[in-house]
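Enquirer: Take a look at this one; I'll ask things after.
The values are calculated or read from the model by the stated rules, or taken from the named source; none is laboratory data. The shown structure was predicted, so the numbers you read here are calculated from the model rather than taken from an experiment. Glycine gets a Cβ as well: all are built from the backbone with ideal geometry, and neighbour counts include every protein chain shown.
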């Protein structure tokens, strides 16, 4: 009988610390599957962010480093420049990549560093208890926008993917989501593209993943998936941006 | 005979870094250390290293974090306000037990201050600077030659103890020119094994570079390891230079630029028949407490001289431990106490 499903070598067989219905587990697994499929486990170096996913190294079984909050792409830049034969990627949340680390993000992209970036957008700060993120939707209630985000007070949801796409050195930007089996498969395809771009020395590649945070959206896991499709995707439309 | 070259302190730092096998530099321009970054931009790629002008000081220090995590020798440089911005990153480097060299050519503060030489960042450099219980080793060059020599020491100590090492100079040391003799083939870069480095997990288990330790007691264990290391550094790495202290009544204590003026004052005082001597701390952390404590048994008084309002003064007092009076002379805001002021101060103490 043919074996069609295995546990990825790049993913440790441990129980998760993530909340029920969280998207990180799915995204972690997709990364691990792709690293196995592309045969790059022994060359991989991941930069884990400050945020819920800092513990990604407890799940991934290859070399990893932490980076200070927002500085993932500064750390990754140095690693890739010194070890161009290694496979280097960052995995960052919305606060890390698009608030405190916006500067590092834009400049690494503008330098055209040959890196792959996985940007998990769940429109909220998870680790610190559900405060407003740069990507929080208008009207969305968070611990620091208790009456809902207001454009006049808090600005609009930041579309970092569209901003990055205008830079000449950025080679690939796609926005995907994790709300359905089909969208998970599309997410895997997009991350694969970003990974292959680095392997083929194409340059800076960026995948934004709309990911559920049921705990701080105040929704059941199934409702959170529906919220991505019915609400979040209206503000953050899926598809290849560049 | 080795060839002498005329060079600034900022450039001598680069020459020293290259001789030490530095392979990575990231920095952001700030006066008075701009000659360093420009010279590095030219020289480091020539020797096969990576030079990056970062978008900010924060980015630069975190690039150094990444570079060091791969096992290569890495450094950054800046001046006072820029070094303040790097403090979080230095704390992460200390927490992750990574080697790194950070050069601070100090200028006047606080705030934007000015671009004149200063020694007002002593507290920041020697007492940690960033958050958490950590120390950086701090070395203070007193000449252009020492800017070079101490870079070799700095990279070795950083690798040996897996810790950040700060070179604490000032705008004068950085921009002044003096002859430099580069060490030739006799200098060998020590090769430290770095089994913790990120190289890809081929043939071994996963490596993780981290400073996050959750779970009861996990972080305390790391801290105790660091404290044990710091005790070893305190015992083994105190560095200083003394001048005419064997028979002296008054010991001047000054480092860096200030020590050169203090040396002139020692000679002037001796001409007037007052027996003065000088202790110049070369390592500011660990502070050379042993030699100060030893001198405290014999002399009438100490005079600490700084281009600040009294920062190293506290470490001298702790080392003297009440065994002799400790006087102070200092100026801030980018001003420098003169030889005449030092002589006058000692003459005043002598009369009492």
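Enquirer: Please verify whether residue A:97 is buried (at least 23 other Cβ atoms within 10 Å of the Cβ) and either without any contact (Cβ under 8 Å) to a residue 60 or more places away in the chain or touching a strand residue (DSSP E or B) at 6+ places or on another chain (Cβ under 8 Å) (or both), treating the condition exactly as stated.
Expert: Against the criterion (buried (at least 23 other Cβ atoms within 10 Å of the Cβ) and either without any contact (Cβ under 8 Å) to a residue 60 or more places away in the chain or touching a strand residue (DSSP E or B) at 6+ places or on another chain (Cβ under 8 Å) (or both)), residue A:97 qualifies.
Enquirer: With the requirement that a residue be out of contact with any strand residue (DSSP E or B) (no Cβ under 8 Å at 6 or more places or on another chain) and within 14 Å of chain A (Cβ to nearest Cβ), what does region B:170-203 give you?
Expert: Result: B:194, B:195, B:197, B:202, B:203.
Enquirer: Can you confirm whether residue A:39 is at positive phi, outside any helix (DSSP H, G or I), more than 7 Å from every other protein chain (Cβ to nearest Cβ) and surrounded by 19 or more Cβ atoms within 10 Å (Cβ to Cβ)?
Expert: no
Quick grid of which residues meet (1) within 10 Å of chain B (Cβ to nearest Cβ); (2) part of a helix (DSSP H, G or I); (3) crowded, with 24+ Cβ neighbours inside 10 Å:
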{"position": "A:29", "(1), (2), (3)": "no, yes, no"}
{"position": "A:45", "(1), (2), (3)": "yes, no, yes"}
{"position": "A:55", "(1), (2), (3)": "yes, yes, no"}
{"position": "A:76", "(1), (2), (3)": "yes, yes, yes"}
{"position": "A:104", "(1), (2), (3)": "yes, yes, yes"}
{"position": "A:108", "(1), (2), (3)": "yes, yes, yes"}
{"position": "A:118", "(1), (2), (3)": "no, no, yes"}
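Enquirer: A further question follows. Got at least one residue in region A:84-98 being part of a helix (DSSP H, G or I), within 10 Å of chain B (Cβ to nearest Cβ) and in contact with a helix residue (DSSP H, G or I) (Cβ under 8 Å, 6 or more places away or on another chain)?
Expert: Scanning region A:84-98 turns up no residue that is part of a helix (DSSP H, G or I), within 10 Å of chain B (Cβ to nearest Cβ) and in contact with a helix residue (DSSP H, G or I) (Cβ under 8 Å, 6 or more places away or on another chain).
Here is a yes/no grid of residues against (1) touching a residue at least 12 places away in the same chain (Cβ under 8 Å); (2) out of contact with any helix residue (DSSP H, G or I) (no Cβ under 9 Å at 6 or more places or on another chain); (3) under 23 Å from residue B:133 (Cα atoms); (4) in a strand (DSSP E or B):
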{"position": "B:216", "(1), (2), (3), (4)": "no, yes, yes, no"}
{"position": "B:231", "(1), (2), (3), (4)": "no, yes, yes, no"}
{"position": "B:242", "(1), (2), (3), (4)": "yes, no, no, yes"}
{"position": "B:246", "(1), (2), (3), (4)": "yes, yes, no, no"}
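Enquirer: Have a look at B:334, B:322 and point out the one that is assigned by TED's automatic domain parsing to the domain that holds residue B:263, modelled with pLDDT under 95 and not in a helix (DSSP H, G or I).
Expert: B:334
Enquirer: Here are some residues: B:109, B:113. Which one is farther than 21 Å from residue B:158 by Cβ, away from every other protein chain (no Cβ under 14 Å), without any contact (Cβ under 8 Å) to a residue 40 or more places away in the chain and not in a helix (DSSP H, G or I)?
Expert: B:109
Enquirer: Evaluate region A:136-151: report whether one residue or more is within 14 Å of chain B (Cβ to nearest Cβ) and farther than 27 Å from residue A:38 by Cβ.
Expert: No, there is no match, as no residue in region A:136-151 is within 14 Å of chain B (Cβ to nearest Cβ) and farther than 27 Å from residue A:38 by Cβ.
Enquirer: How many residues does region B:169-214 hold that are at positive phi and assigned to a helix (DSSP H, G or I)?
Expert: Matching residues across region B:169-214 total 0.
Enquirer: Run down B:112, B:172, B:139 and say which single residue is surrounded by fewer than 24 Cβ atoms within 10 Å (Cβ to Cβ) and over 16 Å from residue B:36 (Cα atoms). If you could, list the steps in order and put the result at the bottom.
Expert: Numbers: B:172 fails: over 16 Å from residue B:36 (Cα atoms); B:139 fails: surrounded by fewer than 24 Cβ atoms within 10 Å (Cβ to Cβ).
The unique qualifying residue is B:112.
Enquirer: A further question on this structure: Taking residue B:150 and the conditions (1) outside any helix (DSSP H, G or I); (2) touching a strand residue (DSSP E or B) at 6+ places or on another chain (Cβ under 8 Å), which numbered condition does it fall short on, given that it satisfies the others?
Expert: It is condition (1) that residue B:150 fails.
Enquirer: Which of (1) surrounded by 13 or more Cβ atoms within 10 Å (Cβ to Cβ); (2) away from every other protein chain (no Cβ under 14 Å); (3) in contact with a strand residue (DSSP E or B) (Cβ under 8 Å, 6 or more places away or on another chain) does residue B:212 not meet, given it meets every other one?
Expert: With (1) surrounded by 13 or more Cβ atoms within 10 Å (Cβ to Cβ); (2) away from every other protein chain (no Cβ under 14 Å); (3) in contact with a strand residue (DSSP E or B) (Cβ under 8 Å, 6 or more places away or on another chain) applied to residue B:212, the lone miss is (2).
Enquirer: Spot the failing condition for residue B:287; the list is (1) assigned to a helix (DSSP H, G or I); (2) closer than 26 Å to residue B:163 by Cα; (3) in contact with a strand residue (DSSP E or B) (Cβ under 9 Å, 6 or more places away or on another chain), and only one is missed.
Expert: Only one criterion is unmet by residue B:287, namely (1).
Enquirer: Of everything in region A:124-143, what is closer than 16 Å to residue A:19 by Cα and crowded, with 21+ Cβ neighbours inside 10 Å? Give them in sequence order.
Expert: A:124, A:125, A:126, listed by residue number.
Enquirer: Being within 15 Å of the chain's Cα centre (by Cα) and farther than 29 Å from residue B:67 by Cα, is that true of even one residue in region A:88-106?
Expert: No: region A:88-106 contains no residue that is within 15 Å of the chain's Cα centre (by Cα) and farther than 29 Å from residue B:67 by Cα.
Enquirer: Let me ask something else about it. What's the number of the only condition in (1) part of a loop (DSSP other than H, G, I, E, B); (2) in contact with a strand residue (DSSP E or B) (Cβ under 7 Å, 6 or more places away or on another chain); (3) under 30 Å from residue A:68 (Cα atoms) that residue B:142 fails to meet?
Expert: Evaluating residue B:142 over (1) part of a loop (DSSP other than H, G, I, E, B); (2) in contact with a strand residue (DSSP E or B) (Cβ under 7 Å, 6 or more places away or on another chain); (3) under 30 Å from residue A:68 (Cα atoms) leaves (3) as the failure.
Enquirer: Turning to a different aspect of this structure: Quick test of your reading of the structure: residue A:219 fulfils all but one of (1) outside any helix (DSSP H, G or I); (2) in contact (Cβ under 8 Å) with a residue 60 or more places away in the chain. Name the failing condition by number.
Expert: Tallying (1) outside any helix (DSSP H, G or I); (2) in contact (Cβ under 8 Å) with a residue 60 or more places away in the chain, residue A:219 fails exactly one: (2).
Enquirer: Here are some residues: B:316, B:349, B:266. Which one is crowded, with 19+ Cβ neighbours inside 10 Å, in contact with a strand residue (DSSP E or B) (Cβ under 9 Å, 6 or more places away or on another chain), touching a residue at least 60 places away in the same chain (Cβ under 8 Å) and in a helix (DSSP H, G or I)?
Expert: It is B:316.
Residue-by-condition table, conditions (1) touching a residue at least 24 places away in the same chain (Cβ under 8 Å); (2) assigned to a helix (DSSP H, G or I); (3) over 19 Å from residue A:234 (Cβ atoms):
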{"position": "A:134", "(1), (2), (3)": "yes, no, no"}
{"position": "A:152", "(1), (2), (3)": "no, yes, yes"}
{"position": "A:167", "(1), (2), (3)": "yes, no, yes"}
{"position": "A:182", "(1), (2), (3)": "no, yes, no"}
{"position": "A:191", "(1), (2), (3)": "yes, yes, yes"}
{"position": "A:194", "(1), (2), (3)": "yes, yes, yes"}
{"position": "A:197", "(1), (2), (3)": "yes, yes, yes"}
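Enquirer: Scan region B:158-168 for residues that are in contact with a helix residue (DSSP H, G or I) (Cβ under 8 Å, 6 or more places away or on another chain) and outside any loop (DSSP other than H, G, I, E, B) and jot them down.
Expert: Once the filter is applied, which keeps residues that are in contact with a helix residue (DSSP H, G or I) (Cβ under 8 Å, 6 or more places away or on another chain) and outside any loop (DSSP other than H, G, I, E, B), region B:158-168 yields B:161, B:164, B:165, B:166, B:167, B:168.
Enquirer: While we're on this one: Please count how many residues of region B:61-92 are facing chain A (nearest Cβ under 8 Å) and surrounded by 24 or more Cβ atoms within 10 Å (Cβ to Cβ). Let's see the steps before the verdict.
Expert: Residues of region B:61-92 that are facing chain A (nearest Cβ under 8 Å), as a first pass: B:62-67, B:69-70, B:72, B:74, B:88-89, B:92.
Cutting the leftovers down to surrounded by 24 or more Cβ atoms within 10 Å (Cβ to Cβ) gives us B:62-67, B:69-70, B:74, B:89, B:92.
The qualifying residues number 11.
Enquirer: Give the number of residues within region B:20-55 that are part of a loop (DSSP other than H, G, I, E, B), within 11 Å of chain A (Cβ to nearest Cβ) and touching a helix residue (DSSP H, G or I) at 6+ places or on another chain (Cβ under 6 Å).
Expert: Count: 2.
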